[in-house]
Amino acid sequence: MLMRCAVRYYSRGGNTERVARAIAGELETDAYTTDTPLKEYADVLLVGSGMYAGHIDPHVKQFLEELDPKKTGKVAFFATSMTSGKKLDREVREILDRKGIPMEEETFHCRGRFLIFHISRPNRLDLRAARQFADRYREE
């Protein structure tokens, strides 16, 4: 049985958007930017951001800060960046902990294109891995 899932993301260069759309496609839902508030309850809210100056995007941070705990069962986080995304995981977890919203232990991260670095990323394999990450939320 498909869980009630929602996908929100913010993407400056298109990397995180590509991953969000792959995740949403796997879950048979739509991906919306963080400008679109969560209107209905979601068992799992999948939230994505790129890393900018070592932090999640301010749009994502604001979205998480304004998130209604009554509309969110738990959050699964995904990210794109030129480097490791582990710092992002901690930043998101701290915000959600303050709000009392659980966050999945396992997160998804892949490299993203930045200037001349990782030009072909996210690639076909990254998007397949993103769909596999999302697949765990297809069943209760």
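The values are calculated or read from the model by the stated rules, or taken from the named source; none is laboratory data. Please read these numbers as outputs of a predicted model, since none were measured by experiment. So basically every Cβ, Gly included, is an ideal-geometry build from the backbone, and we count neighbours across all protein chains shown. These area figures cover heavy atoms from the full protein model, side chains too; ligands, DNA and RNA do not enter into them. Shrake-Rupley method; radii C 1.70, N 1.55, O 1.52, S 1.80 Å.
Observations
- On a per residue basis, the range 20-82 carries 44 Å² of accessible surface, using protein heavy atoms and a 1.4 Å probe.
- Annotation for the range 1-110: chymotrypsin sites (Phe, Trp or Tyr not before Pro) lying in DSSP loop with at most 14 further Cβ atoms inside 10 Å of their Cβ are 41.
- Long-range amide H partners of residue 48 with built H, under 5 Å: 8, 9, 10, 78
- Backbone geometry of the range 12-23 corresponds, through the Karplus equation with coefficients 6.51, -1.76 and 1.60 at θ = phi - 60°, to 3J(HN,Hα) couplings of 7, x, x, 5, 5, 4, 4, 5, 4, 5, 5, 4 Hz, x marking Gly and Pro.
- Overall dimensions of the range 1-58 by Cα: Rg and Dmax, Å: 11.6, 40
- Taking the protein heavy atoms of the range 1-80 in the context of the full set of protein chains, the accessible area attributed to carbon and sulfur is 47 percent at 1.4 Å.
- Amide H to amide H, with H built 1.01 Å from N, residue 42 comes under 5 Å of 72, 73, counting only residues 5 or more places away or on other chains.
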